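What follows is a set of notes on a single structure, which appears directly below.
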Amino acid sequence: MSRPSTRALRSVAGYGWVVVLVAGTGLVQVVTLVRVLGAATWGGVAFAQSASALASALVSLGWVTVGPSLIAMGDPPTRSVLFAQSLVTRTYAFVIVAPVLIAIVLLWAPDNGRELALLAVASLVPVMGASWYFVGQSAPNRLFLLDAVPQVAGVLAGLLVVAHAGVVGYALCVLGGNVVAVLLGIGAVGRDGPISLGPRAWGWRAAASYVGRNRNGLAASWAGSANSYLPMLMVGRWAASGLPPFAMSDRLFRYALTAFGPVVQFLQGWVPREAVLVYRRSRQALIGAMAVGTIAGGVIVFLGARLADVLSGGRVALDSTLLVPFGVAAGVLVVGQVTALVVLMPLGMSRVLAGSTLTGTAVLVAVAVVFGRNHGAVGIAWSMAAAEIVAVSWQVVAVLQRVNRQAVQVR
């Protein structure tokens, strides 16, 4: 095996340890919370976490989407400065978004509003960390030790106390682990280079200027998260009785995407490395994603019912009415992760990314309003699948057109 291939395999394996840790903890979390809190309360926990994930897209201001490529393409001395600039804007966004998140959870959560609001804010904290910086830096060991381990430790501690301290105790432990991860991440970046900025850089005008310059990445990041997490909020609002099975289907959907995460993280640092190879590597990445997406969707459709039965101890039952749309969405979104996070940004196609994801969000809302109100959780699940199909199809066509044009020019 050649040295580049060996390095690539090691990098993917490094990210794989992160996935194993996070996914394994997620499985333990579902099994424990469903049994200790009951299906209904666990559905509320999943609702709060989904609301937090949607808020995270606003607080991140697109850095999760554009950050890894910028770090991968940037010189080492400029990386810490980029992180510092992001930290300023994310701080402003956190202060604005967190109160809104609390209000939404209090208004929409079916039960235990205050406890779930605390959990939502605790789950929002990691967006202030350096995970995307480590991905762009191609540093899976840092991602594992400084970001994943503290967060997982907080979750596991919460699971140990949840039977006695309830959702509040669980949320406080999660908060503690997430705060430690953020502090460790900022400290690691500081060791790479100074993250201090001049007084003007900390002003709100500098933050607003950044948002304006990177509006496409921000819009794409928020719209993509809306397409993934807004359906859970819709179910909680319009079809609360269907929240536990929908939340379980959503968890299987997340696990399928998480399993593909190491490959995406490796590709984020691989595709932008050399400009002359970007087009060829983009095509290769898309072809591989399509194959993996088919497998991911099939696993959910054909094995989802059994997996849900094992995870919930028979308390949450699933059938094809939910598993098919979630399987379709997972298969399509595997491809979408590669187009959005790996290909479009290095090719300078942020407008395509923003336009496609925003259109997908419009489709999601339009279909959900009609089918969600009439068919409950199943209708909302199909609205989610429709949104991903529209957005990702647009992205793939645009990428292939750009790659093919480049191939013709080279000839």
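How much area per residue is accessible in the range 18-94 when the probe is 1.4 Å and only protein heavy atoms are counted (Å²)?
Per-residue accessible area for the range 18-94 comes out at 30 Å².
What's the percent breakdown of Cα-Cα distances in the range 312-358 across 10 Å bins, shortest bin first?
Bin by bin from 0 Å, the calculated values are 23, 34, 22, 16, 6.
Can you give me the C-alpha center-to-center distance between the range 208-227 and the range 176-191, rounded to a whole angstrom?
If you average the Cα positions of each part, the centres end up 24 Å apart.
Can you compute log10 of I(q)/I(0) for the range 10-56 with the Debye formula, treating each Cα as one identical point scatterer, at q = 0.22 Å⁻¹?
-0.82
What share of all Cα pairs of the range 30-77, in percent, falls into each consecutive 10 Å distance bin?
23, 27, 22, 19, 9, 0
Just how large is the dipole of the chain about the Cα centre, in debye to the nearest 20, putting +1 at every Lys and Arg Cβ and -1 at every Asp and Glu Cβ?
My answer is approximately 1080 debye.
Spelling out what I want: for every residue of the range 305-321, take phi, set θ = phi - 60°, compute 6.51 cos²θ - 1.76 cosθ + 1.60 (Karplus), and round to whole Hz; glycine and proline get x.
Values, residue by residue: 4, 5, 4, 5, 5, 5, 5, 9, x, x, 7, 10, 9, 10, 9, 5, 4 Hz.
Rounded, prolate or oblate, given the Cα gyration tensor of the range 276-389, with a/c below 1.5 counting as rounded? Display every interim value, and only then the final one.
Values: a/c = 3.53, a/b = 1.50, b/c = 2.35.
Oblate.
If a paramagnetic tag sat 7 Å from the Cα of S209 along the Cα-Cβ line, which residues of the range 79-117 would have the backbone N under 15 Å from that point?
82, 85-86, 88-89
For H375, what accessible area in Å² do you get when you roll a 1.4 Å probe over the heavy atoms of the protein chains, rounding to the nearest 10?
About 110 Å², ignoring ligands and nucleic acids.
Tell me, what ³J(HN,Hα) does each residue in the range 384-396 have, in order and in whole Hz, if you take phi through Karplus 6.51 cos²θ - 1.76 cosθ + 1.60 with θ = phi - 60° and put x for Gly and Pro?
With coefficients 6.51, -1.76 and 1.60, one gets 5, 5, 4, 4, 5, 4, 5, 5, 6, 4, 4, 5, 4 Hz.
Please list the radius of gyration and Dmax for the range 329-411, considering alpha-carbon atoms only, with Å as the unit.
Rg, Dmax (Cα atoms, Å): 15.0, 54.
Need one word for the range 82-154: rounded, prolate or oblate. Basis is the Cα gyration tensor (sqrt eigenvalues a ≥ b ≥ c); a/c below 1.5 gives rounded, then a/b vs b/c decides.
Judged from the Cα gyration tensor, the range 82-154 comes out oblate (a/c at least 1.5, b/c at or above a/b).
Hey, any idea what % of the range 67-155's accessible area is carbon plus sulfur with a 1.4 Å probe?
68
In Å and whole numbers, how far do the C-alpha atoms of the range 145-185 stretch along each principal axis, longest first?
On the principal axes, the range 145-185 reaches 31, 13, 7 Å in Cα extent.
Quick check: convex hull over the Cα atoms of the range 275-338, volume per residue in Å³, rounded to an integer?
On the way: hull volume 4.7 nm³, N = 64.
Taking only Cα atoms, the range 275-338 has a hull volume of 74 Å³ per residue.
How would the range 9-125 be classified by its alpha-carbon gyration tensor: rounded, prolate or oblate, with rounded meaning a/c under 1.5 and the a/b versus b/c comparison settling the rest?
Oblate, because a/c is 1.5 or more while a/b does not exceed b/c.
Of all alpha-carbon pairs in the chain, indicate the percentage at a distance above 42 angstrom.
8
With an 8 Å Cα cut-off and a minimum separation of 6 or more residues, compute the relative contact order for the chain in percent.
This gives 21 percent for the chain.
What whole number of Å gives the distance from the Cα centroid of the range 31-62 to the Cα centroid of the range 104-137?
Value for the Cα centre distance between the two parts: 8 Å.
Counting heavy atoms of the protein chains only and a 1.4 Å probe, report the per residue accessible area for the range 345-411 as a whole number of Å². Don't skip to the answer; put the middle values down first.
Details: 3240 Å² over 67 residues.
Using a 1.4 Å probe on heavy atoms only, each residue of the range 345-411 averages 48 Å².
Mind checking which of P262, L341, A181 is farthest towards the positive end of the chain's charge dipole, using Cβ charges of +1 (Lys, Arg) and -1 (Asp, Glu) about the Cα centre?
The one lying farthest along the dipole's positive direction is L341.
Got a sec to turn the phi values of the range 62-78 into Karplus ³J(HN,Hα) couplings, 6.51 cos²θ - 1.76 cosθ + 1.60 with θ = phi - 60°, whole Hz, x for Gly and Pro?
Taking θ as phi minus 60°, the curve returns x, 5, 4, 7, 8, x, x, 5, 5, 5, 5, 8, x, 6, x, x, 8 Hz for the range 62-78.
The values are calculated or read from the model by the stated rules, or taken from the named source; none is laboratory data. Quick caveat: nothing in here was measured; it's all calculated off a predicted structure. Quick reminder, even Gly has a Cβ in these numbers, built from the backbone with ideal geometry, and neighbours come from all protein chains shown. Just the protein is used for accessible areas: all its heavy atoms, side chains included, with ligands, DNA and RNA removed. Shrake-Rupley method; radii C 1.70, N 1.55, O 1.52, S 1.80 Å.
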